[in-house]
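K.L.:
Handing you a structure now.
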Amino acid sequence: MAQKHIKVMSFNIHHGTNTENLATLDKMAELIRSSGADIVGLQEVDSLCKRSGNVDQAKYLGEKSGLYYTFVKHFSYDGGSYGQALLSRFPIKSTHNERLPVYSSTSNSEVALLVSSISLPGNVNLNVAVAHLDYRNEASRVKQVDTLHQILKAYRGKLILMGDMNATPESDTMLQLTKEFELTQQPHQFTFPAKDPIKKIDYILVQKETGIKSKEAIVLEDQSSDHRAIMSVLTL
């Protein structure tokens, strides 16, 4: 039988620390586990970096929450790698590290766009993309969205996109993004900063015309990171 409803979470984990830079990875693991999330997109993930105790954070969170895990790196950092991850209750068939140029940079830098294929019950294939757009300026983010649209054309079928877009709902970035994708949460569901959030910059979106609908959307009241995690219950 196909999976009718899935709980999808997006969480910028701030390399496993809160706003005071205190280590909170165990609290994050408990939040993910207790939420019952089926699929979790993670941004700002360390893998074997000195600053976070040489921990493979994707593996740690996956094992603590009982989920499969995969990781892609933006770039090497502090003795390890810095990037994005995906956790899943269902088998992860493949993961691709697509690249998004950082258009505000003069050093030809780029970051990862994680795209995984997940095998749901009932022989249903689901593609999940995790993005973290440029924090510097709007023009760069809009160009990144154009590139993202071109990349994701290659991934046919049901597609979910989530991440830290560093853009508010009324921005040019999100207007461009929602040409191809639908929001699953309301603009007033603020996510940043974690303590007394004042704006929404974290999103879970679904590709239009694929039959995926949002049944419920929440912001988790948690301060283990500098962002709040969000979760949408989706009907396939």
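Rule-based calculations on the coordinates, nothing more; no lab input. This structure is a prediction, so every number in the text was calculated from the model and none was measured. Using ideal geometry, Cβ is built from the backbone for each residue, glycine included, and neighbour counts are taken over all protein chains shown.
K.L.:
Sort the following peptides by mean Cβ neighbour count (other Cβ atoms within 10 Å, averaged over residues), highest first: 205-218, 30-43.
P.N.:
Listed from highest to lowest mean packing, they are 30-43, 205-218.
K.L.:
At a 10 angstrom cut-off on C-beta neighbours, averaged per residue, how do the peptides 138-144, 77-83, 184-190, 227-233 rank from highest to lowest?
P.N.:
227-233, 138-144, 77-83, 184-190
K.L.:
For the peptides 101-107, 171-177, what is the packing order when you average, over each peptide's residues, the other Cβ atoms within 10 Å and list the highest mean first? Spell out each step's value before the answer.
P.N.:
On the way: 101-107: 13.6, 171-177: 18.7.
Going by the mean number of other Cβ atoms within 10 Å, highest first, we get 171-177, 101-107.
K.L.:
Report the relative contact order of the chain, percent, no decimals, based on alpha-carbon pairs under 8 angstrom and at least 6 residues apart.
P.N.:
Working: 604 pairs, mean separation 50.1, N = 236.
About 21 percent, as a whole number.
K.L.:
Just the Kirkwood number for region 56-122, please: inverse of mean 1/r across all distinct Cα pairs, in Å, one decimal.
P.N.:
13.2 Å
K.L.:
Continuing with the same structure: Across region 147-236, what fraction of all alpha-carbon pairs, as a whole percent, falls in each successive 5 Å bin from zero upward?
P.N.:
Histogram of Cα-Cα distances, whole percents per bin: 3, 14, 25, 23, 18, 12, 5, 1.
K.L.:
What's the extension gain from Asn54 to Lys179 if we count 0.36 nm per residue and subtract their Cα-Cα distance?
P.N.:
Once the chain is fully extended between Asn54 and Lys179, it gains 41.0 nm.
K.L.:
Right, next: Taking a cut-off of 12 Å, what percent of all Cα-Cα pairs in region 106-153 are separated by more than that?
P.N.:
Numbers: 800 of 1128 pairs.
Cα-Cα pairs of region 106-153 separated by over 12 Å account for 71 percent.
K.L.:
How long are the three semi-axes of the equivalent ellipsoid of region 171-219, in whole Å, if each is the root of 5 times an eigenvalue of the C-alpha gyration tensor, listed from largest down?
P.N.:
After scaling each eigenvalue by five and taking roots: 21, 14, 6 Å.
K.L.:
Could you give the distance between the Cα centres of region 1-38 and region 165-208, to the whole Å?
P.N.:
18 Å
K.L.:
A follow-up question, please. Quick check: residue separation of Ala154 and Ser34 times 0.36 nm, minus the Cα distance between them. What number comes out in nm?
P.N.:
Using 0.36 nm per residue and subtracting the Cα-Cα distance, I get 39.8 nm.
K.L.:
Take the alpha-carbon positions of region 11-61, form their convex hull, and give its projected area averaged over all directions (one quarter of the hull surface) in nm².
P.N.:
Approximately 3.3 nm², given one-decimal rounding.
K.L.:
To the nearest 0.05, how large is the calculated FRET efficiency for Thr19 and Asn123 if R₀ is 45 Å and r is the Cβ-Cβ distance?
P.N.:
Numbers: r = 43 Å, r/R0 = 0.96.
My answer for the efficiency is 0.55.
K.L.:
Considering the dipole of region 1-45 built from charges on the beta carbon (Lys and Arg +1, Asp and Glu -1) around the Cα centre, which of Asn18, Ile39, His5 is farthest to its positive end?
P.N.:
Result: His5, furthest along the dipole toward the positive end.
K.L.:
So what's the projected area for region 40-83, the Cα convex hull averaged over all directions, in nm²?
P.N.:
2.8 nm²
K.L.:
Compute, for the chain, the length of the dipole vector about the Cα centre, with Cβ point charges of +1 (Lys, Arg) and -1 (Asp, Glu) only. Units Debye, rounded to 20.
P.N.:
Dipole size: approximately 660 debye.
K.L.:
Further, regarding this structure: Determine the dipole magnitude for region 140-235: charges of +1 sit on the beta-carbon of Lys and Arg, -1 on that of Asp and Glu, nothing else is charged, the reference point is the Cα centre, and the result goes in debye to the nearest 20.
P.N.:
360 debye
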